[in-house]
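*Asks:* Got a structure here, written out as structure tokens. Questions coming.
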Amino acid sequence: MPRFGGIASMMRLPVIDNPSTLDVGFIGIPLDTGTSNRSGTRFGPRQIRCESVLLRPYNMATRAAPFDALRIADLGDVAINPYNLLDSVARIERAFTPIVEAGCRTITLGGDHTVTLPILRALRKRHGPIGLIHIDAHADVNDTMFGEKIAHGTTFRRAVEEELIDPHRVVQIGLRGTGYTAEDFDWCRQQGFQVVQVEECWGRSLVPLMDEVRTRIGSGPAYFSLDIDGIDPAFAPGTGTPEIGGLTVPQTLEIIRGAWGMNLIGADVVEVSPPYDPQGTTALLAANLAYELLCVMPGVPRRD
């Protein structure tokens, strides 16, 4: 079948509904009810899958060969409630709980960043508080948004309050932009997060940074959450809350590839908004980054 034909699953993988037969499953969450600016991320998983048909099984840069050793498939989408965000969050947690219990690691295609909260809730039931690598333009630690406790900008404050993550094993990379107060990122540091604002990344390789991150995360279970707006809008325009001066694509690859050897128990790529991505540039990038995350999952061999 030529790449432009057939069903557009992630990387043209089989679509199955039994996570117990898998080591890693791609899963979509077509949610944008938690967005605060431009909606459209409900279409993200479908477009990422469409662009992913260009991907091939071997990573020629790192020599990673995920399909040589792991059982990998597409688990389809979580059936969210487009009229009720809290119900959607509950549905996501219910959907992920049996996947986690089956021992299947997930790479989630978003969807707005609200989706990470119920995923972390499901993971905590098995792993306890976990480490976190978080690429984003925004810290997502607002207490409320328009009076609501659950939204895409409150995810990691709730995660701290609910002890879903270990604050001393959290690294946020790429934070930038304007804020509501001068202390917008200080709350994160006060909890124990390592915050790497984007200005610290400009004009340099992030390989040395990832040496520090590996030490901080250690050998315990960790999650990798990648908001596409962490990358500069020159490369990723199709997102709801773009911020200038972001990470470059090579820097983002250095961060992901630098997670090799960590005990990653899951990952996500979120906030892809196809209505603002007419050429498919952002979705193509997201598909490649999801593949790169697959290549650093535990058990993936590297060919000599």
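*Asks:* Once you've got the GNM for the chain with C-alpha springs shorter than 10 Å, pick whichever of T281, T181, T116 has the biggest mean-square fluctuation.
*Replies:* Looking only at T281, T181, T116, the biggest GNM fluctuation is shown by T181.
*Asks:* Still on this structure: Could you tell me the relative contact order of region 130-238? Use alpha-carbon pairs under 8 Å, at least six residues apart, and round to a whole percent. Please report the intermediate quantities before stating the final value.
*Replies:* Numbers: 166 pairs, mean separation 42.0, N = 109.
Over region 130-238, the number comes to 39 percent.
*Asks:* Oh, and also: Taking a ≥ b ≥ c as the square roots of the eigenvalues of the Cα gyration tensor of region 229-272, is the shape rounded (a/c under 1.5), prolate (a/b larger than b/c) or oblate?
*Replies:* Oblate.
*Asks:* If you take every residue apart from Y83 with its C-beta less than 13 Å away from the C-beta of Y83, what net charge results, scoring Lys and Arg +1 and Asp and Glu -1?
*Replies:* Local net charge: 0.
*Asks:* Where in the chain lies the longest segment free of GluC sites (Glu not before Pro) that are both loop residues by DSSP (not H, G, I, E, B) and have at most 12 other Cβ atoms within 10 Å?
*Replies:* Working: sites that count: E163, E183.
Longest stretch, sites excluded: 1-162.
*Asks:* Please report the spacing between the Cα centers of region 221-254 and region 105-165 in Å, no decimals.
*Replies:* 17
*Asks:* What FRET efficiency, computed as 1/(1 + (r/R0)^6) with R0 = 22 Å and r the Cβ-Cβ distance, is obtained for R46 and E161, rounded to the nearest 0.05?
*Replies:* Values: r = 33 Å, r/R0 = 1.49.
After rounding, the FRET efficiency stands at 0.10.
*Asks:* Under a point spin-label approximation (7 Å from Cα along Cα-to-Cβ), what is the K125-A90 distance to one decimal in nm?
*Replies:* In this crude label model, K125 to A90 measures out at 1.4 nm.
*Asks:* Now, a different point. In Å and from the alpha-carbon atoms only, list the Rg and Dmax of the chain.
*Replies:* Looking at the chain, its Cα Rg and Dmax stand at 17.5, 55 Å.
*Asks:* Can you tell me how much longer the chain between Q279 and I16 gets when fully stretched, taken as 0.36 nm per residue apart minus their C-alpha distance, in nm with one decimal?
*Replies:* This chain segment gains 91.7 nm when fully extended.
*Asks:* Counting only protein heavy atoms, what percent of the accessible surface of region 176-249 is carbon or sulfur at a 1.4 Å probe?
*Replies:* Carbon and sulfur: 55 percent of the exposed surface of region 176-249.
*Asks:* In region 127-168, which residues have a backbone nitrogen under 19 Å from the label point lying 7 Å from R189's Cα in the Cα-to-Cβ direction?
*Replies:* Only 134-143, 157, 167-168 fall inside the zone, counting backbone N under 19 Å.
*Asks:* What is the distance in Å between the Cα centroid of region 1-79 and that of region 256-304?
*Replies:* Centre-to-centre (Cα) distance: 10 Å.
*Asks:* Give, as a single signed number, the net charge of other residues whose beta carbon lies under 12 Å from the beta carbon of R126, with Lys and Arg counted +1 and Asp and Glu -1. All intermediate terms of the calculation are to be shown ahead of the outcome.
*Replies:* On the way: positive: R105, R121, R124, K125; negative: E101.
Computed value for this residue: +3.
*Asks:* Now, a different point. Taking the chain as a Gaussian network, where each spring joins two C-alpha atoms under 10 Å apart, which residue of L209, L31, L123 fluctuates the most?
*Replies:* Highest fluctuation among the options: L209.
The values are calculated or read from the model by the stated rules, or taken from the named source; none is laboratory data. Here the structure is a predicted model, which means the values were calculated and not measured. Cβ coordinates were reconstructed from backbone atoms using ideal geometry, including for glycine residues, and neighbour counts include every protein chain displayed. Surface areas here come from the heavy atoms of the whole protein model, side chains and all, with no ligands, DNA or RNA. Shrake-Rupley method; radii C 1.70, N 1.55, O 1.52, S 1.80 Å.
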